[in-house]
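Below: the structure, in structure tokens.
The values are calculated or read from the model by the stated rules, or taken from the named source; none is laboratory data. Only a predicted model underlies this, so the values are computations on that prediction, with no experimental measurement involved. Note that we place each Cβ from the backbone using ideal geometry, even for glycine, and neighbour counts take in every protein chain shown.
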Amino acid sequence: MHILFLTDNFPPEVNAPASRTFEHCREWVNAGHRVTVITCAPNFPRGQVFDGYRNRLFAREEMDGIEVVRVWSYITANEGFLRRTLDYMSFMASATPASLRVDRPDIIIATSPQFFTACAGYIVSRLRRVPYIFELRDIWPESIRAVGAMKESRVLDWLEKLELFLYRKSAAVISVTHAFKRILSERGIDPGKIQVVTNGADLSLFKPRQRDAELTEAHGLTGKFVAGYIGTHGMAHALQTLLDAAEILQEQGRDDIHLLFLGNGATKAHLVARAAEMNLRNATFVDSVPKSEVVKYWSLLDASIIHLRKTELFATVIPSKLFECMAMGIPVLHGVVGRSADIVRNENVGLPVEPENAQQLAASIVRLKDEPELISQFQRNGPIAAARYDRKSLAMSMLQHIEHVAARSTARADTTNRPDTPASSDAAGA
């Protein structure tokens, strides 16, 4: 089977969408299928093309058996609604004709959160006459409202109508959470066409390891209890809360605790400037590093902070970094409400905290630092829980859904093309 996958995030980018897509596609290739990915030049989140790449109209490369086609797009930093929308639309405009230059696929998968990629998937599916699957990783444009990136307008209303159209026209929707499935069902999408394949972790990469001695010394973390945030520094993450917690700890004289921030994003520059204004001596910022280096930074953490803004929509989100933390045995300070907080509680891998509550976050960091037995308990439980979210198994689960859709499409095509048997019999007996 030839699978065509459309996504605007792919390695060497290191964000969650890029990792999920690559790890799934790699497993499908290992299972004997042909996979072509159409994406753009790697640039997320700074809006700067990575070294060794160019923003060209059409370029090919191979990555772990995956055929990767990179197309031109309007590149901008991960900030500003209008420019980001132009980025998304330009990828749609480039990916659509590029899809006609690859061998005919058996099925098309288009992934969100921005659904202009799904628009391309729908258009190409009509042109190539093959089904397309909508992979749903975020409810967009509702997430625009959640972070306040755009005021209520007719544009948002129109985008929501387009969103529902794309769900309905898909052969299947594969959602990363059961909450998203419930939301779509409540909005009139047939629940029978919605399957759930959660996020997970690549257990061959993310596993318990000793703290990296070289990085510990380089960042002045020797003898420190390190609580860290690793990931995109975006509007949705409300990372000012972490700076406020650092200030509380500094005022309490907890010089034995240090906060580490790794990543880039729309609010990174503001956060760095704000930390300087607050004269924080217990916070260190590090720019994004290649995926092969990320696990070294994970190893520095005694606790991982996962945080999103306090809004109802994010109660449906399960951040993929939660599974990576569990796999590495890193206790979690979980500032996200909803299903993901339930996982933290039920698996006993960390402490849920109220989003945007700096006092509670600071108190929870202190509790972990001062209760080594609690830390050890969370460290033991994490890898055990992560085994239930193995990316390889999840990729195979998604592949089963893909194969079912492809087989159903083939059977329907065979029925359509089959000669009209009753009419032929009548003619023969005349």
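Within the stretch 183-193, work out how many residues are free of Cβ contacts under 8 Å to residues at least 24 places away in the same chain and within 14 Å of Leu164 (Cα to Cα).
The number of residues fulfilling the criteria is 6.
Could you tell me which numbered condition Ala93 fails, if it satisfies all but one of (1) of a type in the set (A, V, I, L, M); (2) in contact (Cβ under 8 Å) with a residue 60 or more places away in the chain; (3) not in a strand (DSSP E or B)?
With (1) of a type in the set (A, V, I, L, M); (2) in contact (Cβ under 8 Å) with a residue 60 or more places away in the chain; (3) not in a strand (DSSP E or B) applied to Ala93, the lone miss is (2).
Name the residues in the stretch 262-283 that are basic (Lys, Arg) and either in a helix (DSSP H, G or I) or in contact (Cβ under 8 Å) with a residue 40 or more places away in the chain (or both), would you?
Lys268, Arg274
Which of the residues belonging to the stretch 355-366 are surrounded by 14 or more Cβ atoms within 10 Å (Cβ to Cβ) and either in a helix (DSSP H, G or I) or at pLDDT below 95 (or both)?
Ala358, Gln360, Leu361, Ala362, Ala363, Ser364, Ile365, Val366
Counting only residues that are among the hydroxyl-bearing types (Ser, Thr, Tyr), surrounded by 15 or more Cβ atoms within 10 Å (Cβ to Cβ) and either within 18 Å of Gln359 (Cα to Cα) or under 19 Å from the mean Cα position of the chain (by Cα) (or both), how many does the stretch 243-292 have?
2
Are any of the residues in the stretch 212-228 part of a helix (DSSP H, G or I) and surrounded by 13 or more Cβ atoms within 10 Å (Cβ to Cβ)?
yes
Report yes if Leu259 is assigned to a helix (DSSP H, G or I) and out of contact with any Gly (no Cβ under 6 Å at 6 or more places or on another chain), otherwise no.
Here the answer is no, as Leu259 does not meet what is asked.
Just checking, does the stretch 284-298 include any residue being at positive phi and at pLDDT below 95?
Checking the stretch 284-298: not a single residue is at positive phi and at pLDDT below 95.
Being among the aliphatic types (A, V, I, L, M), surrounded by 15 or more Cβ atoms within 10 Å (Cβ to Cβ) and in a helix (DSSP H, G or I), is that true of even one residue in the stretch 343-351?
yes
Output the residue which, of all residues in the stretch 170-210 that are out of contact with any strand residue (DSSP E or B) (no Cβ under 8 Å at 6 or more places or on another chain) and not in a loop (DSSP other than H, G, I, E, B), is farthest from Thr111 (Cα to Cα).
Glu186
So, Thr85, is that one modelled with pLDDT under 95 and closer than 23 Å to Ser170 by Cα or not?
So Thr85 fits the description; yes.
Which ones in the stretch 181-194 are surrounded by fewer than 21 Cβ atoms within 10 Å (Cβ to Cβ) and in contact with a helix residue (DSSP H, G or I) (Cβ under 6 Å, 6 or more places away or on another chain)?
Ser185, Ile189, Pro191
Taking the stretch 382-418 on its own, how many of its residues are assigned to a helix (DSSP H, G or I) and over 24 Å from the mean Cα position of the chain (by Cα)?
Count: 13.
Taking the condition within 27 Å of Thr316 (Cβ to Cβ) and buried (at least 18 other Cβ atoms within 10 Å of the Cβ), does Ile75 pass?
No, not satisfied.
Which is in contact with a helix residue (DSSP H, G or I) (Cβ under 7 Å, 6 or more places away or on another chain), polar (S, T, N, Q) and within 30 Å of His404 (Cα to Cα), of Thr76, Thr7?
That would be Thr7, the only listed residue that is in contact with a helix residue (DSSP H, G or I) (Cβ under 7 Å, 6 or more places away or on another chain), polar (S, T, N, Q) and within 30 Å of His404 (Cα to Cα).
Answer with yes or no whether Thr111 is under 24 Å from Val37 (Cβ atoms) and modelled with pLDDT of 90 or more.
yes
Considering only the stretch 146-180, state which residues are at pLDDT 95 or above and touching a Pro at 6+ places or on another chain (Cβ under 7 Å).
Ala171
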